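To start, the structure under review is shown below, and the notes come after it.
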Amino acid sequence: MGQKNVKTIIDEELSMIKVNEQMKKNIRGAVFVKKQYNVLKTVAACCAALLLGSTTVAAGYYFVNNISVNDEVLPKLDEMHVVNAKKVQIPKDENGMIEHDFKEYDVLQSQLGIDLLDSESAENNPYIQGHLMTDNKDFAMITMENYITGDTSEFQYLPKEKRYQYEHGEKYYSPVSLEINIVLSEEQLKNGWDSDYLGMYESMESFESEQGYQVNVIQDTVSKEMGNANTVSEKVAIFVSDGVRYILKGHVSLDTMKEIINTME
């Protein structure tokens, strides 16, 4: 998709929501950045802009591993640093990117030549949908949908949508996903990993895990805005270990999210 087409789509989306002009400028500006190493910001901002659908917009921001939600700066996380990973032996696409789907997390770690955190709660899980995106030079981003399924059940794969549908449980209103952000070069580290987190979110809690990770947790405010007290809000827990940033997301209680984090070793 060309830049002109992306701008047209974003302008159309912005015309249908009620935000002030400065916010619209911020969204457009976040998508079309000039620095080579802010490509990750472009991806995140573009996707977020296309998903806006409510009449109000709340903005949060990642600045490397410093987090601000609605202008509230959260406690500082541990520092990210450059990770020495093997180059992925897969051809790049026309944009210089490598995209690779996987099912086995341990196999991917072996391919990258690095050890990453994992949870015993994710063992023997046939529903993980893993994806790696990297330029083999500056960054690598790993995502795993359905990383921890908990007591969700009745998983059924939808081929056209390339995802699973499921029945929520009593403890897990949704599976928990995992995103891993890895800096591969000093230049990327210098330029930062800036992503505009656009959506209806609020800060929830900051704490130190049993392993000593500094963790920030935010939650969505969709159910609160809609007055639905029976819906479990999505929790987003962000922390850094050995220079790598981990982001867990799922519709679970704060206590359950803490339990998951304490199993990440």
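The values are calculated or read from the model by the stated rules, or taken from the named source; none is laboratory data. From a predicted model like this one, the values you see are computed outputs, not experimental measurements. Cβ: placed from backbone, ideal geometry, glycine included. Neighbour counts: every protein chain shown.
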**Fill in**
Out of (1) touching a Ser or Thr at 6+ places or on another chain (Cβ under 7 Å); (2) closer than 30 Å to GLU99 by Cβ; (3) in contact (Cβ under 8 Å) with a residue 24 or more places away in the chain, the one TYR164 does not meet is (1)
**Prompt:** Restricting to segment 124-161, what's the tally of residues that are over 21 Å from HIS251 (Cβ atoms), free of Cβ contacts under 8 Å to residues at least 60 places away in the same chain and of a type in the set (A, V, I, L, M, F, W, C)?
**Reply:** 4
**Complete:** Every listed condition ((1) modelled with pLDDT of 95 or more; (2) touching a Lys or Arg at 6+ places or on another chain (Cβ under 9 Å); (3) within 29 Å of LYS86 (Cβ to Cβ)) holds for GLY250 save (3)
**Asked** Can you name every residue in segment 91-149 that is surrounded by 15 or more Cβ atoms within 10 Å (Cβ to Cβ) and among the hydroxyl-bearing types (Ser, Thr, Tyr)?
**Response** TYR105, SER119, SER121, TYR127, THR134, THR143, TYR147, THR149
**Asked** If you go through segment 161-174, how many residues are more than 21 Å from the chain's Cα centre (by Cα), in a loop (DSSP other than H, G, I, E, B) and of a type in the set (Asp, Glu)?
**Response** 1
**Residue that is farthest from ASP151 (Cα to Cα), among those in segment 113-132 that are hydrophobic (A, V, I, L, M, F, W, C) and not in a strand (DSSP E or B)** = ILE114
